[in-house]
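Novice: Before I ask anything, here is the structure I am working with.
The values are calculated or read from the model by the stated rules, or taken from the named source; none is laboratory data. Every value quoted in this text rests on a predicted model; they were computed, and no experiment measured them. Cβ placement follows ideal geometry from the backbone for every residue including glycine, while neighbour counts extend to all protein chains displayed. Ligands, DNA and RNA are excluded from the accessible area calculation, which covers all protein heavy atoms including side chains. Shrake-Rupley method; radii C 1.70, N 1.55, O 1.52, S 1.80 Å.
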Amino acid sequence: MGNLYWVYLVLPFCFGLVLNSLSQENSDSDVYIVTLKQAPLSLSYQGFKNGSTSRLPNNFSIFRNDSRSHQRSSSYISRVHDSLLKKALKGEKYMKLYSYHYLINGFSVLITPQQADMLSRRQEVTNVVLDFPVRTATTYTPQFLGLPKGVWPRDGGYETAGEGIVIGFIDTGIDPTHSSFADDVSDHKYPIPDHFSGICEVTRDFPSGSCNRKLVGARHFAASAMTRGVFNSSQDYASPLDGDGHGTHTASVAAGNHGIPVMVAGNYFGNASGMAPRSHIAVYKALYKSFGGFAADVVAAIDQAAQDGVDIISLSITPNRRPPGIATFFNPIDMALLSAVKSGIFVVQAAGNIGPSPKSMSSFSPWIFTVGAASHDRVYSNSIVLGNNVTIPGVGLGPGTCSNEMYTLISAVHALSNETTLANDMYAGECQDPSNFDREFIQGNLLICSYSIRFVLGLSTVKQALQTAKNLSAAGVVFCMDPFILLQYYNSSLERDGFTKKIVRFGAVASISGGLEANYSVSAPKVMYYSARGPDPEDGFLDNADIMKPNLVAPGNSIWAAWSTLGMESVEFQGESFAMMSGTSMAAPHIAGLAALIKQKFPHFSPAAIASALSTTASLYDKNGSPIMAQRAYTNPDLNQSPATPFDMGNGFVNASSALDPAYEDYMSFLCGINGSIPIVFNHTGQNCQLYNSTVTAADLNLPSITIARLNRSQTVGRSLTNIAGNETYRVDWTAPFGVSMNVTPAHFFIAMGEKQVLNITFNAMTNDSTASFGRIGLVGNGGHNLNIPLSVIVKLY
């Protein structure tokens, strides 16, 4: 396939393939995203509210949930896009995939690099970007976060928690038949919110009736994928149906119904509930099992979600690579999300799963609430007890051996059939093929199988190994990742013929304790090794941005949630209705659901106010009162950990039961302050940087954290706090980052409900150092409210 280019225009979104005799087999063509200088409808609507109507024709009537006016607007904009393509390409072959109109004015189109260059030279066009790939990055976590005894009872319990709030999920779709998404689980009235105008797409595998008052909208977006020839209709499904499982899982974490029994392989693992079980769900499928997804389709999904009237957008997806350009913030997805935030939508994104190295962050912009993954205090642990009385702890969801009876251990490599050798099948020890083994050796014994990176890549599976063991009548299976202790005992217990050296007796024995009952005694939370880390990279050269990422961490490890019966992301749970998954993908929807609870209680809250409510109340300590730890390595992560810094966990671990506001203009000033960004800002937003204070840096944004990438002697920043509670007096304490002295004024203040208070924070470098150091500002109120603002200073110049 050739390249896909983006063309941006300031118009609403509409979908349609406009084919002008372009062969999809043209190896020189690719998909591009093109943006235009005229503002999109969401920004033009802001102009209407501000008294300016000069950007669009007089017959335009724009309201966010007025579908008829949007249809007229999108039709007009689509014609403008078509006209531009015809004029610019002068009869040459091309294929337009999408017209974007609501959040960005532009389109995606299949063209050649030469045609992309022609479009980039048009005065109407601001930017032409090559499309890029993206990828996907609870029964107990509600209790661990304090919802049943904290947040839910304050506002009517789980039967009203999140009601009236619509969460839009950009993911792999949904299984509409799952009980987590039924609308008849309560006698309470459950109307679809008036502000939502989305539709439910109907196809053969997503029939009429799939949506209801819970699942209020469902669409799919795959034009970019289809033009590339990577779409597999037999498993990707050209509909909102989830053929992967990931989208069903994330939707239920945030907003799944309360009290749904979790049954897997005939075993009961408790009841599941979303964070906001009465919130409504709208699905915008743009990722797929076979290939992941592409930015052109994701932008189309985001544009549609905003137009439909969602309150929150949850993205458990990240780009496959760091976006190119003068700053990571100017990629098409983040630019669309900036307009979404201006429209009042709170945006949550997974941090990515390529930690624990520094600057591994895959969610970049300050207007996006970025979530890392932490553990929670429920684990399913089993163990193997060896015949020498040594117990080796493990993990697993299977039952133990009968009455702790001892069984003979036999390694898979010692039970091969006469026709199988490691020379002709070096992975035979992973137990994937029962025909490789001699049944007489294995029957009634515990089979030891090796575990390698092939299991992570999906080339080998636990499910297939278990099937092998079952076919060979094994009593149980033991997988070894770090087999030293086990194999030391096993090998020392083998009896061999003194002449032939063949094994004549397997002397090692063991029993397996069950893993069906949860253990709540572990220390939690801790930042997981895979969770992406800061500092936030500003550009492809990995220069540091004055932005703290992640914003915070939430439960993301071993999360039970709904699963599509067609789901194939985890073969261990194929055919099941629930699955246990790990990743920042699981952490992000926890925050989406909690944001719905905040939005329900404080309907006037802006996205930034919701972010501050979540961030400033986050916890720095685990359930035992010790500092939260962060795992530092893939291998033996619990043996390689140290206290978490703000680059590991942002403000800390989300504290749901504890729950100040930057505006769009602040974000624009920040973008305009990036060297060389003035034409790019205009191209993406239609906004003139002369209207904004371009001296604003990221450190000046009114975020609930402060990061200074380069402290040259001294710098003062401000933070404006808004009191949403009752009258209260606060004391300000602080701990300065190493190598820095600091002062905060005022150190004491009284603030009435609804009033604002500005804190001025001055940092002074005391040394020359390029090692990041961390501190914290604590606000302690006499009414019991405690707020934290994490600090990080990287380069210090004295």
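Novice: Tell me, in nm to one decimal, what length is gained between Asn491 and Ser642 on full extension, where the rule is 0.36 nm per residue of separation less the Cα-Cα distance?
Specialist: Gain on extension, Asn491 to Ser642, equals 50.8 nm.
Novice: May I pose another question? Cα gyration tensor of the stretch 308-380, axes a ≥ b ≥ c as square roots of the eigenvalues: rounded (a/c below 1.5), prolate (a/b > b/c) or oblate?
Specialist: Oblate shape, in that a/c is at least 1.5 and b/c is the bigger or equal ratio.
Novice: Of Lys86/Lys285; Lys93/Lys214; Lys463/Lys549, which pairs sit farther than 32 Å apart, going by alpha carbon to alpha carbon?
Specialist: Over 32 Å apart, Cα to Cα: Lys93/Lys214; Lys463/Lys549.
Novice: Using a simple spin-label model with points 7 Å from Cα along the Cα→Cβ vector, what separation in nm is obtained for Asn782 and Lys502?
Specialist: 8.8
Novice: Follow-up. Carbon and sulfur: what percent of the stretch 379-517's accessible surface (1.4 Å probe)?
Specialist: The computed percentage sits at 54.
Novice: Right, here's the next one. Provide the FRET efficiency to the nearest 0.05 for the Arg135-Phe738 pair, computing r from the beta carbons and using R0 = 41 Å.
Specialist: It comes to 0.65.
Novice: For Arg79, Arg713, give me the order by solvent-accessible area with a 1.4 Å probe, most accessible first, ignoring ligands, DNA and RNA.
Specialist: Arg713, Arg79
Novice: Once ligands and nucleic acids are excluded and a 1.4 Å probe is used, how much of Glu755 is accessible, expressed in Å² to the nearest 10?
Specialist: Roll a 1.4 Å probe over it and Glu755 shows about 90 Å².
Novice: Here's another thing I want to ask about it. Would you kindly derive the ³J(HN,Hα) couplings of the stretch 543-551 from the backbone phi angles with the Karplus curve 6.51 cos²θ - 1.76 cosθ + 1.60 (θ = phi - 60°), listing them in order in whole Hz, with x for Gly and Pro?
Specialist: Rounded to whole hertz, the list is 5, 7, 8, 7, 9, 8, 9, x, 6.
Novice: Where the Cα atoms of the stretch 379-517 are projected onto their three principal axes, how long is each span, largest first, in whole Å?
Specialist: Its Cα atoms span 46, 35, 25 Å along the three principal axes.
Novice: Give me the orientation-averaged projected area of the Cα convex hull of the stretch 291-333, in nm², one decimal.
Specialist: About 3.6 nm², averaged over all directions.
Novice: Which value, in nm² and rounded to one decimal, describes the direction-averaged projected area of the C-alpha convex hull of the stretch 563-653?
Specialist: 8.6
Novice: How are the Cα pair distances of the stretch 705-796 distributed, in percent, across 10 Å bins from 0?
Specialist: Histogramming the stretch 705-796 at 10 Å steps yields 17, 47, 25, 11, 1 percent.
Novice: Over the stretch 258-382, what per residue volume does the convex hull of the Cα atoms give, in whole Å³?
Specialist: 169
Novice: Per residue, how much accessible surface does the stretch 219-300 expose to a 1.4 Å probe? Answer in Å², no decimals.
Specialist: Counting only protein heavy atoms, the per-residue value for the stretch 219-300 is 22 Å².
Novice: Could you rank Phe291, Phe573 by how accessible they are, 1.4 Å probe, largest area first?
Specialist: The most accessible residue leads, giving Phe291, Phe573.
Novice: From the P(r) of the stretch 175-307, could you give the percentage of C-alpha pairs in the tail past 18 Å?
Specialist: Of all Cα-Cα distances in the stretch 175-307, 57 percent exceed 18 Å.
Novice: Let me ask something else. With every protein chain left in place and a probe of 1.4 Å, what is the accessible surface of Trp560, to the nearest 10 Å²?
Specialist: 0
Novice: Just the accessible area for Val681, please: 1.4 Å probe, Å², rounded to the nearest 10?
Specialist: For Val681, solvent-accessible area is about 0 Å².
Novice: Using only Cα atoms, locate the centre of the stretch 163-215 and the centre of the stretch 505-527, then give the distance between them in Å, rounded to an integer.
Specialist: Measuring centre to centre over Cα atoms gives 39 Å.
Novice: How much of the DSSP beta bridge set in the stretch 206-343 is antiparallel, as a percent to the nearest 5?
Specialist: Counting only bridges with both partners in the stretch 206-343, antiparallel ones make up about 55 percent.
Novice: OK, next. So, by mean Cβ neighbours within 10 angstrom, what's the order for 85-92, 306-313, 697-704 with the highest one leading?
Specialist: Listed from highest to lowest mean packing, they are 306-313, 697-704, 85-92.
Novice: Can you give the Rg and Dmax of the stretch 389-448 based on its C-alpha atoms, in angstrom?
Specialist: According to the Cα coordinates of the stretch 389-448, Rg and Dmax are 13.5, 39 Å.
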